[in-house]
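Take a look at the structure set out below.
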Amino acid sequence: MKHFLVYVNRYKDEKLLTARRICDFLRLKGQHVTLKTVGNGGEEASSPIPADICCIIVLGGDGTVLQAAREAKVLQIPIIGVNLGTLGYMTEIEPSGLEEALERLITEDYIQESRMMLDGKAYLSDGSVREDRALNEIALSRRGPLQIIRFNIYVNGQFLNHYKADGMIVTTPTGSTGYNLSAGGPLVEPGAQLIMLTPICPHSLNQRSIILSPEDIIEIEIPECGEGRMQTVEVNFDGSHMIPLQTGDKIRIVRSGKVTEFIRLNQVSFLEVLHRKMQDSL
């Protein structure tokens with residue numbers, strides 16, 4: 001008997017119709033099921049994930065998948081998403097084929113795909129250090145008044161460039177379809193191994209995304225502005241956890257030693273999903 005976690009976004013499955021459909025089917029097949037709901041402010045949202053879970057079945061969109069991955073990052077539990085609503089890049093199962101997909105999960109008729117993550121460690125001017133991990137991206141953005149920010153970027157200790165922009169996104173291949181895409185960055189096959197730097201609204205005509213090796217070490221430094229003005233910015237990890245930075249602080253970003261495991265049932269390629277997504281946007 002396996003123990004499955006059904007992780008539900010209540011805004012996507014308000015009456016839990018799909019969630020109950022999954023739970024009933026798995027229990028009928030003799031499996032143990034735990035239901036966890038998020039997005040409704042209930043107690044379930046803060047309950048920890050049991051350590052013996054073999055698979056997390058996520059009901060929602062890509063944002064819900066990211067939230068589940070964040071909660072499961074210590075336990076390294078594989079994740080599979082059920083698409084509710086628009087086509088998501090991270091969701092594998094369509095509701096029309098739900099029972100067939102669940103049967104394959106029970107019999108372990110699937111492949112597991114590892115996705116690289118990023119570790120970010122912020123060194124603050126008061127001597128403290130704060131850190132976190134991201135599956136999609138680590139994004140530096142302004143904090144407070146509407147104004148550009150200035151920052152320096154170093155790669156492997158070597159100065160790369162001084163930027164004046166609204167921010168910078170450091171992205172994994174999985175995250176290429178998220179904030180990076182909205183900022184004009186390239187789309188990348190999620191199984192690739194690389195790190196992307198995409199500036200947010202750069203105040204320059206020639207600054208574009210930069211592709212780096214997954215082994216490169218990126219440092220973003222917050223320098224002083226003209227007239228001694230103090231800069232206040234923030235660093236977001238997958239749009240969730242935030243670390244505030246100011247002049248004199250810096251953040252060091254490297255490939256994480258951890259990965260997020262995704263379950264794949266279909267042989268549909270990333271390019272096919274991308275094609276469908278482009279057709280839907282016409």
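The values are calculated or read from the model by the stated rules, or taken from the named source; none is laboratory data. Everything numeric here is computed off the predicted structure, so don't read it as measured data. Backbone-built Cβ (ideal geometry, glycine too); neighbour counts: all protein chains shown. For accessibility, only protein heavy atoms count, side chains too; no ligands or nucleic acids. Shrake-Rupley method; radii C 1.70, N 1.55, O 1.52, S 1.80 Å.
7 Å from Cα along Cα→Cβ at both D109 and F159: what's the point-to-point distance in nm?
Label at D109, label at F159, 6.1 nm between them.
Which whole-number value in Å² is the accessible area per residue of the chain, probe 1.4 Å? Let's see the in-between values first.
Values: 13410 Å² over 282 residues.
Result: 48 Å² per residue.
Work out, step by step, the length gained on full extension between K29 and Q76: first 0.36 nm times the residue separation, then minus their alpha carbon distance; give nm to one decimal.
Details: separation 47, 0.36 × 47 = 16.92 nm, distance 2.50 nm.
Difference between extended and current length: 14.4 nm.
From the square roots a ≥ b ≥ c of the eigenvalues of the alpha-carbon gyration tensor of the stretch 79-121, which class results: rounded (a/c under 1.5), prolate (a/b over b/c), or oblate?
Oblate shape, in that a/c is at least 1.5 and b/c is the bigger or equal ratio.
Just to confirm a number: summing +1 for Lys and Arg and -1 for Asp and Glu over residues other than L75 whose beta-carbon lies under 14 angstrom from that of L75, what do you get? Mind showing how you got there, number by number?
Details: positive: K36, R70, K73, R133, K258; negative: D52, E71, E261.
Charge balance in the 14 Å sphere: +2.
Take the alpha-carbon centre of the stretch 106-136, take the same for the stretch 53-67, and report the distance between them in whole Å.
Taking the Cα centre of the stretch 53-67 as reference, the centre of the stretch 106-136 is 16 Å away.
Give, rounded to the nearest 20 debye, the magnitude of the charge dipole that the chain has about its Cα centre when Lys and Arg contribute +1 at Cβ and Asp and Glu contribute -1 at Cβ. Spell out each step's value before the answer.
On the way: 29 positive and 35 negative charges, 57 e Å.
Its charge dipole is roughly 280 debye.
In the stretch 67-221, if every C-alpha pair distance is counted and binned at 10 Å from zero, what percent goes to each bin?
All Cα pairs considered, the percentages come to 9, 33, 32, 17, 7, 2.
Within the chain, what percent of beta bridges assigned by DSSP are antiparallel, to the nearest 5? Don't skip to the end; give the middle numbers.
On the way: 57 of 77 bridges.
Of all bridge pairs located within the chain, approximately 75 percent are antiparallel.
Modelling each spin label as a point 7 Å along the Cα-to-Cβ direction, I'd like the I217/M1 distance in nm, to one decimal.
Modelled inter-label distance: 5.0 nm.
Quick check on the chain: helices-only [θ] at 222 nm, where DSSP H runs of length 4 and up contribute -39,500 (n - 2.57) each and the sum goes over total residues. Nearest 500, please.
Working: 5 runs with 47 residues, N = 282.
That comes out to -5000 deg cm²/dmol.
Counting Lys +1, Arg +1, Asp -1, Glu -1, what net charge surrounds A165 among other residues with beta carbon under 10 Å of its beta carbon?
Working: positive: R142, R150, K164; negative: D166.
Within the 10 Å Cβ shell, the charges total +2.
So if we plug the beta-carbon distance of R229 and R130 into 1/(1 + (r/R0)^6) with R0 = 22 Å, what FRET efficiency do we get, rounded to 0.05? The partial results should precede the final answer.
On the way: r = 24 Å, r/R0 = 1.08.
Result of the calculation: an efficiency of 0.40.
Whole-Hz ³J(HN,Hα) for each residue in the stretch 103-113, computed from phi via Karplus 6.51 cos²θ - 1.76 cosθ + 1.60 with θ = phi - 60°, x for glycine and proline: what do you get?
My calculation for the stretch 103-113 gives 4, 5, 5, 5, 8, 6, 8, 7, 10, 10, 10 Hz in order.
Which whole number of Å³ per residue matches the convex hull of the alpha-carbon atoms in the stretch 1-143?
Working: hull volume 20.4 nm³, N = 143.
Measuring per residue, one finds 142 Å³ for the Cα hull of the stretch 1-143.
Rounded to the nearest whole Å³, what is the per residue volume of the convex hull around the Cα atoms of the stretch 126-175? Mind showing how you got there, number by number?
Details: hull volume 6.7 nm³, N = 50.
Cα-based convex hull of the stretch 126-175, divided per residue, equals 133 Å³.
Please report, in Å, the Rg and the Dmax of the chain, where both are computed over Cα atoms only.
For the chain, the Cα-based Rg and Dmax read 20.3, 69 Å.
For K121, give me every one of the lysines with a C-alpha distance below 20 angstrom, ignoring sequence neighbours fewer than eight places off in its own chain.
K73, K250, K258
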